[in-house]
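Accompanying notes for the structure given below.
The values are calculated or read from the model by the stated rules, or taken from the named source; none is laboratory data. No experiment lies behind these values; they were computed from the predicted model shown. Heads up, the Cβs are rebuilt from the backbone with ideal geometry, glycines too, and the neighbour counts pull from every protein chain shown. In case anyone asks, the SASA skips ligands and DNA or RNA and just uses the protein heavy atoms, side chains included. Shrake-Rupley method; radii C 1.70, N 1.55, O 1.52, S 1.80 Å.
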Amino acid sequence: EGAIRDQEMVLRSKSGETLVVLGSMEVIELNRETCVLSTTIDITRRRGMEEELREIEQRFRQIAENIEEVFWIFDPVEKKEVYISPAFEKIWMRSIQSFVEKPDLFFESILPEDRSYVREVTGRQSRGEKTEMQYRISRPDGSIRWIWDHGFPIFDEQGKVIRVVAILADISERKKAELDLVE
């Protein structure tokens, strides 16, 4: 077809260094002669950075997907979930997808007497304050669970809140033990 576009190749330099390059070649007519126009871009560094990024993401997922606590990342500007770890489904007994599709479900799962408190505290998180709170949720089977929620903002270079990260844990057994001690 007279052209090769964006072909990734591994080459070895004179010094023996391995390079990853992106090459394109095209047959062209130049001064009534048929020539091959070739461009090669060294993408070795980019490939290394992509691999490093994959490794970082893999380590994040290994942690976030294997801890018993919920790891939650929220975008207060877009008002949407960025990430919710799988522990959420175990504690809330609801799918992550159901919360992504219906964001109000989070507040609906909180007991009515705790909702205004949680709304007030999550608002403070979105405004840049680190917070810690406890509240109760109702699960689809009717059981009530106590949640410990530690939230903290992530800021951009200008000091604007761009993410809110929260770690949530089911502390129901601890709360039951506390009540038993009081009795």
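Some points to look at:
- Residue within region 155-173 that is within 20 Å of Leu111 (Cβ to Cβ), exposed (fewer than 14 other Cβ atoms within 10 Å of the Cβ) and free of Cβ contacts under 8 Å to residues at least 40 places away in the same chain present: yes
- Hits in region 27-38 (condition: open to solvent by 70 Å² or more (accessible area, probe 1.4 Å) and not aliphatic (A, V, I, L, M)): Glu29, Asn31, Arg32, Glu33, Thr34
- Inside region 174-183, residues that are open to solvent by less than 100 Å² (accessible area, probe 1.4 Å) and either among the hydroxyl-bearing types (Ser, Thr, Tyr) or in contact (Cβ under 8 Å) with a residue 24 or more places away in the chain (or both) make up a count of 1.
To keep it simple, each residue is scored yes or no on (1) of a type outside the set (Lys, Arg); (2) under 25 Å from Ile154 (Cα atoms).
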{"residue": "Lys80", "(1), (2)": "no, yes"}
{"residue": "Ile84", "(1), (2)": "yes, yes"}
{"residue": "Ala87", "(1), (2)": "yes, yes"}
{"residue": "Met93", "(1), (2)": "yes, no"}
{"residue": "Val100", "(1), (2)": "yes, yes"}
{"residue": "Glu113", "(1), (2)": "yes, no"}
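- Ile137 being in contact (Cβ under 8 Å) with a residue 40 or more places away in the chain and surrounded by 11 or more Cβ atoms within 10 Å (Cβ to Cβ): yes
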